[in-house]
Amino acid sequence: MFQWVFKSSLYVLGHQITEASVQFASIGESIGMICPYKNVYSWQKLDTQDILASCENGMNEINSSISYRISVSNDCEKLKINEFTAKDVGLYRCYVFGERTSNRHKYDFNITIRTLKIVEAYNSSVIKRKEGENITLTCVMEGQQPDTILFWTTADVLLASNRSRYVIHCFRAQRMDDMKQFVCTANSSNGSHLLEVKVQLRLLFRPRVSVVSLPSPPTITKGGTIRLLCEDNRENNENINSFSWSHDGQLLPNNTNLLLFENADPVVAGEYTCLARNIAGEDFDVLEIIVTFPPVVQNETVVFETNSLPRTLQCKVLGVPDNYTFSKWLHYTYSNQQIRILDGLGNGTLILPNNDREKHMYEDTGIYICNVTNNIPDEGGYIWQTGKIKVIVAGRPVLANPQKHINIGYLNETSRISIYTLSSTRYPIATWLDKDGYVLKTESCTSSEIETEYYGNLVNVSAYKCDFYIKKTQEKDFQKYAVKVRNDLGESLFEISLIPARKPEIPRSVQVIALKFKIIVKWHAGNSYGFLQAFCIEYRKSFDLKWSLVAAESNTSVTIDGLQIDTVYFVRVFSRTMAGESNKTGEVIVKTGNHHLVIHSYSWEIGVITSAAGVVFLICVYGMKALTKRICLDISPHRHNLSQDNGITPVTHEPQYDEIDSVHYNPSNVNDRPEALLNNIPFETLLSSNNDRNMASIATSNDGTTYYTNHINLCGSDPNITIADNVSMGSSSDDSYLVPCRKYINIEIGVADRHNEQMGEQ
């Protein structure tokens with residue numbers, strides 16, 4: 001029999017009065033108590049004050065009236081109780097004979113039933129725990145025997161066992177563990193004296209919540225309404241003590257299970273978390289709201305250095321959904337003139353073409369328009385949205401295109417040398433030097449606006465004008481000058497020439513070929529003195545006062561179409577350069593018809609002789625017929641004499657005709673002389689331009705040095721001159737028209753002589 005004995009001392013007023021031990025027994029077994037001292041003379045059950053046995057004078061006497069199951073040893077030191085029952089539980093004492101000391105005169109035994117105890121139950125048959133809580137069940141046996149084994153079971157399933165005075169079972173409480181009964185059992189190796197204790201687990205469930213939306217799925221357009229509801233899956237929100245909401249991790253001031261958004265804007269979008277709590281724990285659910293809205297394009301300013309390569313722009317867009325479609329990029333000047341259209345990448349990136357940075361340093365400047373859609377319309381119903389990127393190129397000054405390297409000066413007058421520069425910083429400073437490098441002047445350039453060429457298109461941009469004035473210009477002032485223009489980012493050097501103004505020579509060897517419905521005009525260019533020159537042809541009917549004007553694209557010929565048959569026309573030619581306008585040739589008179597007629601322009605003297613011979617010949621042959629025709633023609637006395645070949649009388653004059661009215665003069669010219677303008681653009685600018693729009697034909701003389709090689713068109717219009725649109729600009733060099741003229745002469749043209757001029761004056 002296993003006996004668990006411990007000694008204890010009881011104290012009263014500081015004096016030890018007894019010693020005691022505790023022994024455990026199982027129902028039905030035998031238990032023995034051995035007094036630790038000799039000379040025991042009696043045993044007593046203190047609960048009932050009954051003397052169980054006495055041992056005096058060598059005689060052992062048992063009180064059988066109390067229990068027949070009690071016996072003592074011969075020396076009375078051992079008391080045994082057989083077939084232990086619950087009634088036998090109590091406090092037993094042995095008295096020692098012959099030792100009357102105050103310290104050791106008696107010894108007590110506390111006999112109790114061996115039991116199992118579940119520590120966490122606190123003598124209750126039920127324990128309450130929370131769902132998800134870690135639970136420990138400890139079963140302890142009081143009065144364990146050496147061969148005793150403890151077991152934990154539930155529903156006949158073994159959970160844990162231990163050959164010890166205790167057994168432990170640990171687990172995490174799940175919903176399935178609710179109301180389970182856990183049993184602790186103790187038995188010996190032979191299976192006798194089985195003990196058990198039971199406890200039931202009751203769980204407090206934590207919430208099980210879900211967030212639902214209305215509408216579902218939670219996708220709305222900007223300005224829409226949406227509800228979010230946090231519900232317990234068991235439809236028992238009474239089990240929940242509190243709710244809380246957060247938006248993208250930020251706590252919201254709402255402690256209910258409902259969120260309502262009306263007239264939602266994009267900031268409503270994001271993840272919403274509902275957290276529900278009760279005494280057992282907490283649970284949460286997450287739902288994402290999507291608010292669709294059209295793209296919002298970020299406007300920004302981008303600065304490129306001149307050596308920044310590649311130059312890349314990004315269309316920065318925010319919209320939902322973010323599956324964007326980008327259209328072509330549009331490049332505009334700051335003044336909203338379109339420069340070009342560019343293809344970007346599918347992700348909204350634009351890589352600017354890698355052009356010559358020296359030649360096109362500033363041409364990338366301007367406003368770039370990005371158009372994007374995600375197929376979500378805006379409030380106006382438009383699905384394409386626009387953004388702007390302002391591009392600034394930071395660099396040193398450059399000359400604006402067309403680059404003007406030649407200026408016209410006037411002897412003994414004030415001459416001006418001007419350049420237009422593009423600069424990324426304000427008010428660049430110009431230093432002017434002569435050909436020997438001597439500094440003439442240094443001052444800031446003034447802000448201006450200029451029409452320049454950006455990627456083949458003429459646009460108006462802000463520029464800076466740098467001027468240098470020379471008073472009373474002398475021959476030595478006509479030279480090459482240098483100008484250094486600097487800004488905050490660098491310096492550029494340009495060479496400019498000042499040359500004297502010389503008008504071009506009159507075109508030579510003018511030849512007019514009359515056909516049925518058109519005439520062909522040919523000529524040779526006079527000396528242009530190194531300037532680019534353009535040729536203009538004026539023509540009119542014999543009785544018209546208004547001249548029609550044709551600008552030649554060729555420097556040798558032009559064809560005028562759409563004329564009337566059997567009609568007399570007057571033709572003359574002149575040329576222009578930026579230095580001025582040549583004299584006009586004498587008028588050539590031709591008549592269209594079913595013949596080829598070649599008329600040449602000669603000098604006035606030859607014209608007089610030829611005209612006289614023609615008059616005599618025609619009067620003799622045709623008489624009054626010719627005279628009648630001439631009167632009908634009524635040629636003005638102010639016509640030039642025409643020189644005519646093959647029997648046609650030429651009459652030529654050299655009067656000075658009025659300037660073409662479309663060429664007007666600017667009295668504000670610094671040289672105090674008229675400044676020729678065409679459509680409000682100075683000839684000087686047009687003639688020095690590289691712009692194809694202002695250039696129609698080159699007509700430079702082989703006699704002089706040519707400064708320019710581009711074609712121009714300077715012929716304008718006014719109320720007295722009509723621009724003709726019936727002109728064939730191809731070369732008329734086909735000599736098949738030049739058959740012998742005498743075969744095609746129409747004598748009915750009449751005679752132009754001084755007598756008839758006088759008749760016209762009357």
> Which of the residues spanning region 139-175 are over 19 Å from Tyr122 (Cα atoms), in contact (Cβ under 8 Å) with a residue 40 or more places away in the chain and in a strand (DSSP E or B)?
Replying inline: Ile149, Arg172
> Before we move on, is Thr221 polar (S, T, N, Q), surrounded by 13 or more Cβ atoms within 10 Å (Cβ to Cβ) and assigned by TED's automatic domain parsing to the domain that holds Phe326?
Replying inline: no
> Exactly one of (1) of a type in the set (Lys, Arg); (2) within 30 Å of Lys130 (Cα to Cα); (3) surrounded by 14 or more Cβ atoms within 10 Å (Cβ to Cβ) is unmet by Arg234. Its number?
Replying inline: (3)
>> Name the single residue that is modelled with the lowest pLDDT among those in region 6-26 being surrounded by 14 or more Cβ atoms within 10 Å (Cβ to Cβ) and not acidic (Asp, Glu).
In response: Thr18
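Each row is one residue, and each column tells you yes or no for (1) in contact (Cβ under 8 Å) with a residue 24 or more places away in the chain; (2) charged (D, E, K, R); (3) surrounded by fewer than 23 Cβ atoms within 10 Å (Cβ to Cβ); (4) outside the structural domain of Arg416 (by TED's automatic domain parsing).
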{"residue": "Ile506", "(1), (2), (3), (4)": "yes, no, yes, yes"}
{"residue": "Ile513", "(1), (2), (3), (4)": "yes, no, yes, yes"}
{"residue": "Lys516", "(1), (2), (3), (4)": "yes, yes, yes, yes"}
{"residue": "Gly530", "(1), (2), (3), (4)": "yes, no, yes, yes"}
{"residue": "Phe535", "(1), (2), (3), (4)": "yes, no, no, yes"}
> Quick one: Ile565 ticks every box in (1) surrounded by fewer than 21 Cβ atoms within 10 Å (Cβ to Cβ); (2) under 55 Å from the mean Cα position of the chain (by Cα); (3) among the hydrophobic types (A, V, I, L, M, F, W, C) bar one, so which box is it?
Replying inline: (2)
>> Exactly one condition in (1) under 58 Å from the mean Cα position of the chain (by Cα); (2) surrounded by 23 or more Cβ atoms within 10 Å (Cβ to Cβ) is false for Ser557; which is it?
In response: (2)
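Here's the yes/no breakdown for (1) out of contact with any strand residue (DSSP E or B) (no Cβ under 9 Å at 6 or more places or on another chain); (2) among the basic types (Lys, Arg); (3) crowded, with 18+ Cβ neighbours inside 10 Å; (4) assigned by TED's automatic domain parsing to the domain that holds Thr312:
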{"position": "Asn347", "(1), (2), (3), (4)": "no, no, no, yes"}
{"position": "Pro353", "(1), (2), (3), (4)": "no, no, no, yes"}
{"position": "Gln385", "(1), (2), (3), (4)": "no, no, yes, yes"}
{"position": "Gln403", "(1), (2), (3), (4)": "no, no, no, no"}
{"position": "Asn407", "(1), (2), (3), (4)": "no, no, yes, no"}
{"position": "Asp434", "(1), (2), (3), (4)": "no, no, no, no"}
{"position": "Gly437", "(1), (2), (3), (4)": "no, no, no, no"}
>> Out of the strands (runs of 3 or more DSSP E) lying entirely within region 278-365, which hold 3 or more residues that are more than 30 Å from Ala400 (Cβ to Cβ)?
In response: 281-297, 317-320
> Tally time: how many residues in region 63-77 are closer than 16 Å to Val40 by Cα and loosely packed, with under 14 Cβ neighbours inside 10 Å?
Replying inline: 2
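Conditions (1) of a type outside the set (A, V, I, L, M, F, W, C); (2) within 30 Å of Ile290 (Cα to Cα); (3) in contact with a Cys (Cβ under 8 Å, 6 or more places away or on another chain), marked per residue:
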| residue | (1), (2), (3) |
| --- | --- |
| Val140 | no, no, no |
| Gln144 | yes, no, no |
| Trp152 | no, no, yes |
| Ala160 | no, no, no |
| Phe182 | no, no, no |
| Asn187 | yes, no, no |
| Val197 | no, no, yes |
| Lys222 | yes, yes, no |
| Leu229 | no, yes, no |
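Every residue, every condition in (1) under 15 Å from Ile419 (Cβ atoms); (2) in a strand (DSSP E or B); (3) more than 33 Å from the chain's Cα centre (by Cα), yes or no:
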{"site": "Glu453", "(1), (2), (3)": "no, yes, no"}
{"site": "Leu458", "(1), (2), (3)": "no, yes, no"}
{"site": "Tyr469", "(1), (2), (3)": "yes, yes, yes"}
{"site": "Lys476", "(1), (2), (3)": "no, no, yes"}
{"site": "Val483", "(1), (2), (3)": "yes, yes, yes"}
{"site": "Ser492", "(1), (2), (3)": "yes, yes, yes"}
{"site": "Ser497", "(1), (2), (3)": "yes, yes, yes"}
> Inside region 131-155, can you point out the residues that are modelled with pLDDT of 90 or more and charged (D, E, K, R)?
Replying inline: Glu133
> Could you list, in sequence order, the residues of region 400-421 that are modelled with pLDDT of 90 or more and in a strand (DSSP E or B)?
Replying inline: Ser415, Arg416, Ile417, Ser418, Ile419, Tyr420, Thr421
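The values are calculated or read from the model by the stated rules, or taken from the named source; none is laboratory data. What you see is a predicted model; the values in this text were computed from it and never measured. Virtual Cβ from ideal backbone geometry, glycine too; neighbours counted across all protein chains shown.
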